[in-house]
Structures are given as structure tokens and as C-alpha cells.
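Have a look at the structure below before the remarks.
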Amino acid sequence: MLTDISQIESLHKYSHSAMATVFDIFIQSDDENYSGQAAWEAFKEIDRLEEELSRFNPNSEVSRINNSAPGERLIVSPDIFECVRESLELKKLTMGAFDIAYFNSAEISAAENLLLNNDEMSIMRLDERICIDLGGIGKGYAVEKIEEILREWEITRALISGGFSSVKAVGSPDGFDGWPISISNPVSNSETILNFYMQDYSVSGSGLKKGMHIIDPSTGKPSMSKTACWALARSAIVSEALSTAFMILDESKVKNICDGNDGFYSVILNSDYLSTKNIFKAGNSSVIKKID
């Protein structure tokens, strides 16, 4: 989801493998050494997060939750608590289409069987059949943490990519209306669907290119109704969750979510047509501007 950014001057790229993907940070700066130090601090934070978020790590916070006894109260780290809290809010927003739970019965849900205490940042699992997997939101959360660290280093012109499935534009490079973003057809990468500038915004994509891995929580079966979906939102956490949910929800529900929430946009690619009804609904705004 990137166009040619080689024309941007004083641009430095830093890459790091984590969370089963490659994170790229592009920073526009006259001080390459300083920007490199900032990127390194961000990557160290991602490595730490991966240890906490992975359900495959037996010592992770997620594994602690999944192995806890029903009714056992676990005080967790701020990162885990925030990921779970936002995930449950996004589940409500998407009418259950986005769900961090996996379980043995299709009749139970994480929102009904996880109890959160905001004051002490604790999580209680109420049903032993409930387990959580933060893979659907983890990269978006990592992208947001990278932005937080870059801003702490007073870096305000950067593009952050979590495996190109979630991209966050921080500020705007000098001389541009935003960071140039390109959405390509996953079935035919040579076909460009949309080109636009973006600043202080995120875009995430989901699709069937990697196989039938998007499961509809209501049926427990793979969702096959769309080829690919992209979601735009201010937060990469939200855009990542929405892109998954949009693969499952019918287009009328996607439209209702976008129309009912300021700053949400969608691009839907079906086998026979492309819908961009909700994207750029604010026109040439300060954060998203279509490239003609």
C-alpha cells in the first residue's frame, strides 16, 4: 500500500522483522543518525510487545489469560489491558464481526465472558472455553506504539508500515499534501485501485490472497463473500480491526459503520465490482486527499 516515495528528499528507511512480518519505518530527516536511533528504540519496543501479545509464547500475558482458571482475576500490563479493552469495544462496533476470541462453542462470546476492571487493570475469564488471540489487532497496536515513540523523539514526518497490511502516516513530507499511498488489486498487483495522500491517518487491508483465514465468528466458517477490503481510520488499531470486519459484514452494514462514525472510510473489492462509496466522503480534507 505504498506508491513510489523515492522522490521524497532526505528519506531514510529502517526495517525490522517481528510478529511474523516486516515492519518498515520511513523517516524524513536531515539527521540520519538521529532518526536511526529513534527507529531502533521503536523496534525494541515491538520486540517487547511481541513477547507479551503472542499466544504461542507460553510465558506471554495472553497465555496467562488463556490458562487462567474461570473467575481468576489477573492484573495485566497496560498494553494487554488496552488491547483487550479496545478489542471488545470494536467487537460491539462491528456487531461481533471482529472478535479476539476463539472457542469450542459458537454460542459464547468474548464480550460476554471476559470481565475487565479498569481501576486495577485486571482481566477475568468467566468461561474456560474462552481463549483470546490478539493477532487481529497486534500489528495495528504496534504501529501506534511506533508512532508514539517517534513523537517522543520529536519526529513528526514518518510513514510506518506493519507488513504493508497496516500503514500509518505521521505528518506530511515537505512539499507534499501527505504521504502517497496506493491500493492495488491483490489479484492483479499491476492494477491500481486508488492513489491518495494521507497524513496522521491509517489504512489497513484484509483479503483472501493468503487463503481462507478470515473466520466469521457467527458461523465459525471462513468468510468468502469479498476479495479484499480496506479501512481507513485515525488509529491503526481501529483500521486493522475494521478491515477484518468489513470482509465479513455485508456492504450495507459497512456503510452504516462508516456513516455513523466520523473519520471511518471503506474500500470494498468484490469479484465483480469495486465499491468506494464511503471513501473520501469528506472531500479533499486535511488528512486524506485523492490523487487524480
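Descriptive notes on the structure:
- Boolean, Met1 is at pLDDT below 95 and in contact with an Asp or Glu (Cβ under 6 Å, 6 or more places away or on another chain): no
- Some residue of region 11-26 being in contact (Cβ under 8 Å) with a residue 60 or more places away in the chain, in a helix (DSSP H, G or I) and surrounded by fewer than 18 Cβ atoms within 10 Å (Cβ to Cβ): no
- Checking each residue in region 201-249 for being at pLDDT below 90, surrounded by fewer than 21 Cβ atoms within 10 Å (Cβ to Cβ) and either under 30 Å from Ala158 (Cβ atoms) or charged (D, E, K, R) (or both) picks out Gly207, Lys209, Lys210, His213, Asp216, Lys221.
- Only listed residue being in a helix (DSSP H, G or I), small (Gly, Ala, Ser) and more than 30 Å from Ser172 (Cα to Cα), chosen from Ser35, Ser63: Ser63
- Here region 53-89 is the region considered, the condition is being crowded, with 18+ Cβ neighbours inside 10 Å and among the acidic types (Asp, Glu), and the residue that is farthest from Ala18 (Cα to Cα) is Glu86.
- Some residue of region 50-70 being at positive phi and not hydroxyl-bearing (Ser, Thr, Tyr): no
- In this entry, Leu115 is excluded by the filter for residues that are of a type in the set (A, V, I, L, M, F, W, C) and within 23 Å of the chain's Cα centre (by Cα).
- A single member of Lys92, Lys44 is modelled with pLDDT of 95 or more and surrounded by fewer than 16 Cβ atoms within 10 Å (Cβ to Cβ), and it is Lys44.
- Within region 174-200, if we keep just the residues that are assigned to a strand (DSSP E or B) and among the β-branched types (Val, Ile, Thr), the residue that is surrounded by the fewest Cβ atoms within 10 Å (Cβ to Cβ) turns out to be Thr192.
- Screening region 71-173 for helices (runs of 4 or more DSSP H) wholly inside it with 2 or more residues that are of a type in the set (A, V, I, L, M, F, W, C) and in contact (Cβ under 8 Å) with a residue 60 or more places away in the chain returns the ranges 78-93, 135-152.
The values are calculated or read from the model by the stated rules, or taken from the named source; none is laboratory data. On a predicted model such as this, the values are computed, not experimentally measured, just so you know. Positions of Cβ are generated from backbone atoms using ideal geometry, with glycine treated the same way; all protein chains shown enter the neighbour counts.
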